[in-house]
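Chemist: The structure is given below, and queries will be raised subsequently.
Every number in this text was worked out from the coordinates using simple rules, so none of it is lab data. Keep in mind the model is a prediction, meaning the values are calculated, not measured. Neighbour counts run over all protein chains shown; Cβ positions are idealised from the backbone, glycine included.
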Amino acid sequence: MTSLMIGILVAGGVFLALLLFYYLWPDPLAKHDLPKGKLFPASADSDASLKAIRTKISAVHSENIGLSLKQRMLAIRKNMDSFFADVPIVSAITPVNAGGVDAEWVIAPGADSNRRLLYIHGGAFYVGSAKSHRVITSKLSEISNCAVLAINYHLMPEHSRMAGIEDCRCAYRWLLDNGPQGRAKAAAVFVAGDSAGGNLTLSLLAWLRDTGCRLPNGAVALSPVTDARMRSPSIKRNLETDIILKPLAKGLSKIPRPLIVVSKWLFTGQSPKDPVVSPLHGDLSGLPPILVQVSDSEILLDDGRRYVNKAAAAGTDAVLQRWQNVPHVWQIFYPDLPEAIEAFDEIEAFLKRCS
């Protein structure tokens with residue numbers, strides 16, 4: 001038997017052992033699946049809006065069929081930037097260099113520039129921008145009475161995962177001492193993000209605590225990714241009902257999860273259990289108040305639920321809110337979707353409590 005064949009057999013044996021361990025060993029984080037958080041029932045007034053949203057999203061997905069991976073990524077980036085172009089934005093938008101990070105100030109009429117909110121957009125770490133999320137950032141500026149700093153962190157695959165993480169840290173530190181009118185200490189600071197941006201938000205909180213940096217008054221995570229292992233039960237359970245993430249998740253669901261985990265490890269150079277990329281696996285004590293909003297229909301439902309339950313058990317003021325029958329990051333469909341209006345009302349109340 002040649003050394004090559006021996007190597008192949010050994011590698012195959014290791015992979016088989018990994019498969020057995022992954023699927024047969026109980027997930028210790030399953031203990032954080034309860035409690036379930038406050039539930040907001042579906043609104044009958046949403047039917048027409050949800051139908052229109054599904055139709056628009058399906059049309060975008062259809063346009064990308066047959067494209068190469070790179071072409072699809074570039075197309076999605078372009079589509080995201082223009083998807084909500086017809087939604088009126090009341091805030092003033094001003095480009096800014098936030099300590100070396102490309103960003104923009106989003107400021108609603110009358111917002112207090114000494115109150116600041118760092119917003120970190122979603123997009124699976126590959127797509128999205130400050131521009132694509134102006135519906136959210138403009139509304140946040142309105143309800144928080146804050147100047148919102150929306151950043152364009154470095155995206156993969158052109159840049160490393162850590163590059164985006166470092167951008168968030170740099171922008172936050174800059175925000176503490178710089179406002180829309182120049183250098184000035186922030187009177188109050190908040191952080192918020194959605195999906196991948198929710199992951200970056202929660203990762204940032206732990207880093208701020210560990211480095212002794214000023215913590216924000218509060219943080220908001222919308223449908224956050226918290227566990228890079230992809231072991232949350234809702235990833236399989238909600239695959240067919242998640243109209244936003246289904247195209248991506250369905251392709252990944254055909255690949256054994258251990259192989260995905262190993263691939264991520266090799267590609268990013270970081271363990272999927274590293275709290276820097278998987279906040280759920282870190283120490284969640286000593287963090288500022290956190291509000292997490294999730295949809296009962298999305299694959300990331302249990303990512304958010306497990307994070308909140310573990311954080312609450314560690315003594316952190318963490319709150320979970322669930323909505324029925326709405327898309328992943330449904331807040332971005334404001335004001336057409338009644339549940340988006342309701343979600344922003346809850347965010348406003350939370351931010352006022354933290355001020």
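Chemist: If I build a Gaussian network model for the chain, linking alpha-carbon pairs within less than 10 angstrom, which residue out of Val90, Val292, Val135 has the largest mean-square fluctuation?
Modeler: Result for the chain, Cα springs under 10 Å: Val90 fluctuates most.
Chemist: Report the residues of region 120-152 in range of a label on Glu348: point 7 Å along Cα→C-beta, backbone N strictly under 12 Å from it.
Modeler: Inside the label zone: 139-145.
Chemist: Let me ask another. Grab the other residues whose beta carbon is less than 12 angstrom from that of Arg77, score K and R as +1, D and E as -1, and report the net.
Modeler: With Lys, Arg at +1 and Asp, Glu at -1, the net is +2.
Chemist: Cα axis of helix 69-83 to longest principal axis of the chain: angle in degrees, 0 to 90, nearest 10?
Modeler: Helix 69-83 and the main axis of the chain meet at about 20 degrees.
Chemist: Rounded if a/c is under 1.5, else prolate if a/b beats b/c, else oblate: with a ≥ b ≥ c from the C-alpha gyration tensor eigenvalues square-rooted, which is region 19-176?
Modeler: Rounded shape, in that the Cα axes give a/c under 1.5.
Chemist: Could you give me the radius of gyration and the Dmax of region 38-354, taking only the C-alpha atoms into account and expressing both in angstrom?
Modeler: Here Rg and the maximum Cα pair distance are 18.2, 52 Å.
Chemist: Let me ask something else. Of Ala206, Ala186, Ala103, which is the most mobile in a GNM of the chain whose springs link Cα atoms less than 10 angstrom apart?
Modeler: Ala186
Chemist: I've got another one for you. Would you compute, for the Cα atoms of region 51-135, the largest minus smallest coordinate along each principal axis and list the three values in descending order, in whole Å?
Modeler: 48, 32, 16
Chemist: Give the order of Phe83, Phe333, Phe344 when sorted by the count of other beta carbons within 10 angstrom, beginning with the fewest.
Modeler: Least to most surrounded, the residues fall as Phe83, Phe344, Phe333.
Chemist: Local charge sum around Ala147 (other residues, Cβ-Cβ under 15 Å, Lys/Arg +1, Asp/Glu -1)?
Modeler: Taking every other residue near Ala147 into account, the sum is +2.
Chemist: Quick one: longest stretch of the chain between exposed loop GluC sites (Glu not before Pro), exposed meaning at most 13 other C-beta atoms within 10 Å and loop per DSSP?
Modeler: 1-157
Chemist: With Cβ to Cβ distances under 10 Å as the rule, what net charge do the other residues near Leu208 carry (K, R +1; D, E -1)?
Modeler: +3
Chemist: Given the pairs Lys31/Lys78; Lys139/Lys273; Lys131/Lys185, which are separated by over 30 angstrom at their Cα positions?
Modeler: Result: Lys31/Lys78; Lys139/Lys273 exceed 30 Å.
Chemist: Given an 8 Å cut-off on Cα distances and at least 6 residues of separation, report the relative contact order of the chain as a percent.
Modeler: 18 percent
Chemist: For region 52-123 and region 287-355, what is the separation of their C-alpha centers, rounded to whole Å?
Modeler: First find each Cα centre; the distance between them is then 20 Å.
Chemist: Would you mind telling me which residue in His32, His281, His159 has the biggest mean-square fluctuation in a Gaussian network model of the chain, where springs connect alpha carbons within a distance under 10 angstrom?
Modeler: Of the options given, His159 has the highest mean-square fluctuation.
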